[in-house]
Number of protein chains: 2
Amino acid sequence: MAEDAPRRQPTLDEVAERAGVSRSVASRALNNAPHVSRAKREAVERAVRQLGYVPNPTARALATRQTGAAALVVSGEDPSIFADPFFAQVIVGASAALEEADLHLMLCLAASDRGRKRVEELLRSKGADGVMLMALREDDPLGRMAAEAQMPVVFGGRPVGPAPRWYVDVDNAGGAREATEHLVSRGRRRVAAICGRLDTEAGRARYRGYRDAMLGAGLDPLPPREGDFTEPSGAAAMAALLADHPDVDGVFAANDNMAAGALRTLREAGRRVPADVAVVGFDDLTVAQIADPPLTTVHQPIEAFGREMARMLVALVNGQDPTPLILPTRLVIRSSA
Amino acid sequence: MAEDAPRRQPTLDEVAERAGVSRSVASRALNNAPHVSRAKREAVERAVRQLGYVPNPTARALATRQTGAAALVVSGEDPSIFADPFFAQVIVGASAALEEADLHLMLCLAASDRGRKRVEELLRSKGADGVMLMALREDDPLGRMAAEAQMPVVFGGRPVGPAPRWYVDVDNAGGAREATEHLVSRGRRRVAAICGRLDTEAGRARYRGYRDAMLGAGLDPLPPREGDFTEPSGAAAMAALLADHPDVDGVFAANDNMAAGALRTLREAGRRVPADVAVVGFDDLTVAQIADPPLTTVHQPIEAFGREMARMLVALVNGQDPTPLILPTRLVIRSSA
DNA sequence: GCTTCCAATGGGAGCGCTCCCAGGTGCCCC
DNA sequence: GGGGCACCTGGGAGCGCTCCCATTGGAAGC
């Protein structure tokens, strides 16, 4: 009755032996490849069941030269950048798409030197079948490494500089323009922008969108007021803004976190939102709904962003040549503007 | 000048040949193992540099029977559970600890059937050197799978039922008790609890802490008002609470998201916080600081949680036998209570 | 009935690394 | 001066799988 606990995992050879076939046939049966008779196929299946056989992914990887994993690399100087719920949603999307392709997700936070070194090694050693790269800053060494890697690379968000061959991005400039135009259409004239880091393309593009909208409306854009996409930086930027331009009546913040910070500063300064100052954010994360007042914000399809990035990578891994993708944004009007 | 782009990665054999040594010596030099003369060691290093050699992790994995990766599995029926910023912080901590041990992080969202199946396969095929398991619900099949796996498994948060051999957890009951006692000490008498999912141990323990504190103060605990750790569920629970107990003057919410929802409902119902109703949350995520009013909440060391989980796993992988860990919580007093 | 063809089969050579072991060298010590 | 005894060294056997290829046998075609 008591089954001897097998110390070692059964191997394909043992399955083959038990099924009375050769290893080749067993392998073909397992990968349901052609050229296996019905009888033997069934014999193999039976043996697999009896032995509780599971193929060894490492051995398979070595033989096929495919790891069965895709890496998602998040750059940035500070690991806490990853605490932004934005990434969690990207991961949910990417994970779903990779699951369909039966690829595992390796997550690499390339904040520390050590982390970057490990990513470089991953890239050079083909430790994954492909890589998704996010949150690159200007002159990020990861960009160069990726270019040199003999491996499919998809960028999540274009990096600063020339656009890479494969990327998924969001219409940052368009979204920012729409947000700013909304403020202007509500009669705001002294509209300022709290920007994200200007060493990222997203930060730059969103400022460009703001500026274009202002110029288009015949208004003077204010110079960029740089934050780092965090709530405190938004609060600080808003405070500085109030000091320099007490008459500001509209604010476009390059993400919801900073918008929330701006809201806090405005509340503390006794300014009513939106009566005195209207505020628009970007991202449409949970914080936008929770904020008081709820934030009017530029919605971006974050989960789709992750999903499309992964799908593009899968296509590349399968030898196809997908085209870059720019996802649309859409203004969600709540009460802050 | 123009270097021929080598189509194939150089192998250890080529390094050895170039360095004029055997493969064994090259291997030892690479892993800086003993029994290699200084001269040959340097020759190998030179050859590595000239050839741009990077060891093939898959081949190494096959030979050593170690994958060099640890998996973080997040269970739950809905992938969006992962959108909770809680997990992002856990990942930051875990990632840092794994980086020290030179292990890669595989992230598995085991929400769909397909996802669970893949985790099972991972477990059975030893596709990773160890696994961290989080967010298990009652009777979660993952628990059984993990128990059967011939692989180190660390639980992040104890599952419902008997405690596993290795886990990292937070003092949920203690934190909840402290939170509730705080409300009582501020003179609140009609204190309710908005619970998390009661099919998770965290949800249960936090309710137990609330109940114990109430009983300890000679007050009647209200029956659990169950949410699912999301903001809307907190808002809904609060609304139901107001309907059933209009005289409620204190609320302990089992996490910050639900507390934020409660805040919203209270605001819409015209109740002042904390004057009419005091609210305490749990987690101390960013949302607690952003909320209006800022939330008094039970701080838990989330990043440390992830870090310790990973460290425990690394210890197990290295053949040690670490002891389970329960991390302390601490009440952070802001203005909501 | 004999060639032709193709599905089915199993042998064997890798994939690129680790690690055990047998053999070889120099050096110290009695 | 010879027998240990370090330390080096390289050969070779795996790790568990895939896949090419030569071989077989039976069905189909003439």
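Restricting the GluC sites (Glu not before Pro) of segment B:124-184 to loop positions (DSSP other than H, G, I, E, B) with no more than 16 neighbouring Cβ atoms within 10 Å leaves B:Glu138. Given R0 = 25 Å, the distance between the Cβ atoms of B:Arg38 and B:Ala59 translates into a calculated FRET efficiency of 0.40.
With one equal scatterer per alpha carbon and no solvent term, the Debye-computed log10 I(q)/I(0) for the protein assembly as shown at 0.06 1/Å reads -0.40. Its Cα gyration tensor gives chain B an equivalent ellipsoid, and the semi-axes of that ellipsoid, as √(5λ) in whole Å with the largest first, are 52, 19, 17.
Averaged over its residues, the protein assembly as shown has an accessible area of 44 Å² per residue, based on protein heavy atoms and a 1.4 Å probe. Report summary: the helix-based calculation at 222 nm, which adds -39500 (n - 2.57) for every DSSP H run with n ≥ 4 and divides by the residues of chain B, gives -14000 deg cm²/dmol.
For trypsin sites (Lys or Arg not before Pro), the sites in segment B:185-221 that DSSP calls loop and that have at most 16 other Cβ atoms within 10 Å are B:Arg186, B:Arg189, B:Arg190. Return a whole-number percent for the relative contact order of chain A, with Cα pairs under 8 Å and 6 or more residues apart as the contact set. Here the relative contact order equals 16 percent.
Take every pair of alpha-carbon atoms less than 8 Å apart whose residues are at least six positions apart; their mean separation over the length of segment A:172-299 yields a relative contact order of 25 percent. Take B:Ile326, push a point 7 Å out from Cα through the beta-carbon direction, and compare it with the same point in every other copy: 5.6 nm, smallest first. Among A:Ala275, A:Ala260, A:Ala26, the largest mean-square fluctuation in a Gaussian network model of chain A, built with springs joining Cα atoms closer than 10 Å, belongs to A:Ala26.
Note on segment A:12-55: with neighbouring protein chains present and a 1.4 Å probe, carbon and sulfur make up 44 percent of its accessible heavy-atom surface.
For the listed residue pairs A:Lys40/B:Lys126; A:Lys40/A:Lys126; B:Lys40/B:Lys126, the alpha carbons are over 29 angstrom apart in A:Lys40/A:Lys126; B:Lys40/B:Lys126.
Between chain B and chain A, the total buried accessible area stands at approximately 4400 Å², from heavy atoms with a 1.4 Å probe. Interface burial in segment A:20-69, defined as at least 50 Å² less accessible area with all protein chains than with the chain alone at a 1.4 Å probe, covers A:Val54, A:Thr58, A:Leu62.
Placing a label point 7 Å from the Cα of B:His245 along the Cα-to-Cβ direction, the residues of segment B:156-177 whose backbone N falls under 16 Å from that point are B:177. Summarising the label geometry, the points placed 7 Å from Cα in the beta-carbon direction at A:Asp13 and B:Asp199 lie 4.6 nm from one another. Under a 5 Å amide H cut-off, with hydrogens placed 1.01 Å from N, B:Val298 pairs with B:Gly281, B:Phe282, B:Asp283, B:Asp284, B:Val332 among residues at least 5 apart or on other chains.
Among the trypsin sites (Lys or Arg not before Pro) in segment B:9-108, those located in a DSSP loop and surrounded by at most 13 other Cβ atoms within 10 Å of their own Cβ are B:Arg65. In units of the rule-of-thumb radius 2.2 N^0.38 Å, segment A:76-217 shows an alpha carbon radius of gyration of 1.21. Only beta bridges with both residues in segment B:172-299 are counted; by DSSP, about 0 percent of them are antiparallel.
The values are calculated or read from the model by the stated rules, or taken from the named source; none is laboratory data. Note that the structure is predicted; figures quoted are calculated from it, not measured. Glycine gets a Cβ as well: all are built from the backbone with ideal geometry, and neighbour counts include every protein chain shown. Areas reflect the complete protein model, heavy atoms only, side chains present, ligands, DNA and RNA absent. Shrake-Rupley method; radii C 1.70, N 1.55, O 1.52, S 1.80 Å.
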